[in-house]
Amino acid sequence: MATRARVRAPELIGKGGWLNTGEQQYTLADLRGRIVVLDFWTFCCINCLHVLDELRELEQKHADTVVIIGVHSPKFVHEAEHQAVVDAVERYEVHHPVLDDPELATWKQYAVRAWPTLVVIDPEGYVVAQHAGEGHAHAIEKLVEELEAEHEAKGTLRRGDGPYVPPKPVATDLRFPGKALLLPTGNFLVSDSTRHQLVELEADGETVVRRIGSGERGFTPDAFSEPQGLALLPDGQVIVADTVNHALRTYDPQSGAVETVAGTGRQWMQGEPTSGAAREVNLSSPWDVAYFDGLVWIAMAGVHQLWTYDPEAGTVQVAAGTTNEGLVDGPAAGAWFAQPSGLAATEDRLWIADSETSALRWIDTDRAVHTAVGTGLFDFGHRDGAAEQALLQHPLGVTALPDGSVAISDTYNHALRRFDPASGEVTTLATDLREPSDAVVVGEDVVVVESARHRLTRLRLPEEAVRVESVAHRTQRAATEVAPGALQLDVVFQAPTGQKLDTRYGPSTRLLVSSTPPELLLDGEGAGTDLARGLALNPEVAEGVLHVSAMAASCDDDPENEYPACHVHQQDWGVPVRIAEGGAERLPLVLAGMDQ
């Protein structure tokens, strides 16, 4: 086994304290003798949710040697609220201790730059690996096996039960519901996401008629995994975005039958097919669905795209987006999205709640993408008024209203907002909701899915919206001071132990760089295959954000294996920078490294 760098792990500190430990507070010294995996995450981030799922098998298989600790490091203001973190830990079934770090203290100690980031600490308290992005579970498991053998031999491995203490279950009819649909009968169908079920409620929005699904996470005719979006098809069936199963299912309200119509149950990764027979193409965290222009449109949150499913042909294909995360309008093929999570169809527009850019967007029948509200990944808040200066905060839902306007489930502002295309104005319909994630129009009322209150809430649609005090925010990560002029960007990638770069079909790495504002970069923008690049920064732009997207492919390095397993490592960074004399002249970003 190769010698590793000996870097002492900084202490774990967070003003919000510990969750899932029975109120016990922990230090690294308390965990000495165990292999510790720190998962720096935030609950708005789809890549972070992917990593939670990736880690479940490792968590179970090595339960007596490995302690996974989630370090919750917020991007949005709402995510710094302690109760919101408590809710997210239950919502996403996080079965390990979580340190609530609202001020990013531990994030800074470990020099983390991206969500998600995984850090491995050996039983003696030294950092031995750091990986940014998703897709690293295989490499971490191999490293864990090596560490187990090494420290078992040294006598420094301590086996036993971990510190996880599950919270007490709470009895409610719904638990973190995601989306809702008005059935032709007048009843509601709700995706009860945390319980992995669909629930039919009577027209009062409260009385349970039936539950669909066993309530256990699975991918069978009687099981879902965190279902979200629902849409009614012309034949009366309901199509369901079965989010963590990476699939589309249909539910027949008459017979109760559930059928898989798209997806394989596996997550789509870079380089895989993006069109073909629907049951043979992998999907990635479909979050919502809508029937528009003769097709089922899919908000493919996991890869920042819109896809379509053709029920007649039984095929899927990419309809809009490049997989790059950001806000770029124009022809659908070149547009950028950031975790699209809500869809609503009208006759000539498909409205999109683009959550990570805190934006309301739409696509027309000519497949052109437009932005109505929102400016990018790092500006958010609660501000009414003209659309060009209005602000949202991580909206998850959008609903077409009878007058041609749309209601926006402004999730992290706990509000229902309205955008009127005729006037170009944004107003507030209701506040004091709790993480609204969808809404359904019923006559003169709107029924809101209050996800974090575990209920549907009926509101009367007002003739005039209520204005609220304006609040604007930027992401709270500290800006990196960089020198004006030349800046060397280096994405650090080492193929994990037992793997090598996959160069069989050409370059195995990709780097894409852009900036906000665009004039921040004088040189170095664009795509390439080298993970190192020289940038030229404009000294007349005081601050901005560098957007960096990197990908590397590696395969198992075993000459005896004719068909080695291959792995794609990918990550997007948004790095706030401030131009300052004496600032850094090199910007290193770790995709994967330090495990050799």
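Worth a mention:
- You will find that of Arg418, Arg477, the residue that is buried (at least 17 other Cβ atoms within 10 Å of the Cβ), at pLDDT 95 or above and not small (Gly, Ala, Ser) is Arg418 and no other.
- From Leu181, Leu157, Leu147, Leu189, residue being surrounded by 15 or more Cβ atoms within 10 Å (Cβ to Cβ) and in a helix (DSSP H, G or I): Leu147
- Residues of segment 160-178 satisfying the condition of being more than 29 Å from Thr243 (Cα to Cα) and exposed (fewer than 12 other Cβ atoms within 10 Å of the Cβ): Gly160, Asp161
- All strands (runs of 3 or more DSSP E) inside segment 374-455 with 2 or more residues being touching a His at 6+ places or on another chain (Cβ under 6 Å): 379-382
- Taking segment 556-579 as the range and being touching a strand residue (DSSP E or B) at 6+ places or on another chain (Cβ under 7 Å), farther than 22 Å from Ala532 by Cβ and modelled with pLDDT under 85 as the test, the residues that pass are Asp556, Asp557, Pro564, Ala565, Cys566.
- Contact annotation: residue pairs with Cβ atoms under 7 Å, 6 or more positions apart or on different chains, pairing a residue in segment 147-175 that is more than 23 Å from Val120 (Cα to Cα) with a partner that is basic (Lys, Arg) and surrounded by 13 or more Cβ atoms within 10 Å (Cβ to Cβ), are Leu174/Arg455; Arg175/Arg195.
- Residues that are over 18 Å from Ala439 (Cβ atoms) and without any contact (Cβ under 8 Å) to a residue 12 or more places away in the chain within segment 185-209 comprise just one, Thr207.
- Each residue in segment 514-532 was checked for being buried (at least 20 other Cβ atoms within 10 Å of the Cβ), free of Cβ contacts under 8 Å to residues at least 60 places away in the same chain and part of a strand (DSSP E or B), and 2 pass.
- Residue check for Gly582: assigned to a loop (DSSP other than H, G, I, E, B), farther than 17 Å from Glu134 by Cβ, modelled with pLDDT of 75 or more and over 28 Å from the mean Cα position of the chain (by Cα): yes
- In segment 92-129, the residues that are surrounded by fewer than 20 Cβ atoms within 10 Å (Cβ to Cβ) and assigned to a helix (DSSP H, G or I): Ala105, Lys108, Gln109
- Test: Gly215 is in contact (Cβ under 8 Å) with a residue 60 or more places away in the chain, more than 27 Å from Gly443 (Cα to Cα) and surrounded by fewer than 24 Cβ atoms within 10 Å (Cβ to Cβ): no
- Enumerated strands (runs of 3 or more DSSP E) restricted to segment 193-306, each holding at least 3 residues that are closer than 23 Å to Leu396 by Cβ and not assigned by TED's automatic domain parsing to the domain that holds Ala439: 197-201, 227-232, 238-242, 247-251, 286-292, 295-300
- Here Gly162 qualifies as outside any helix (DSSP H, G or I), in contact with an Asp or Glu (Cβ under 9 Å, 6 or more places away or on another chain) and either in the same structural domain as Leu19 (by TED's automatic domain parsing) or modelled with pLDDT under 95 (or both).
- Scope segment 334-354; condition under 17 Å from Leu512 (Cα atoms) and either out of contact with any His (no Cβ under 8 Å at 6 or more places or on another chain) or surrounded by fewer than 22 Cβ atoms within 10 Å (Cβ to Cβ) (or both); matching residues: Gly334, Ala335
- Glu425 being farther than 14 Å from Leu360 by Cβ and assigned by TED's automatic domain parsing to the domain that holds Leu392: no
The values are calculated or read from the model by the stated rules, or taken from the named source; none is laboratory data. All values reported here derive from a predicted model rather than from experimental measurement. Every residue, glycine among them, receives a Cβ derived from its backbone with ideal geometry; neighbour counts consider all protein chains shown.
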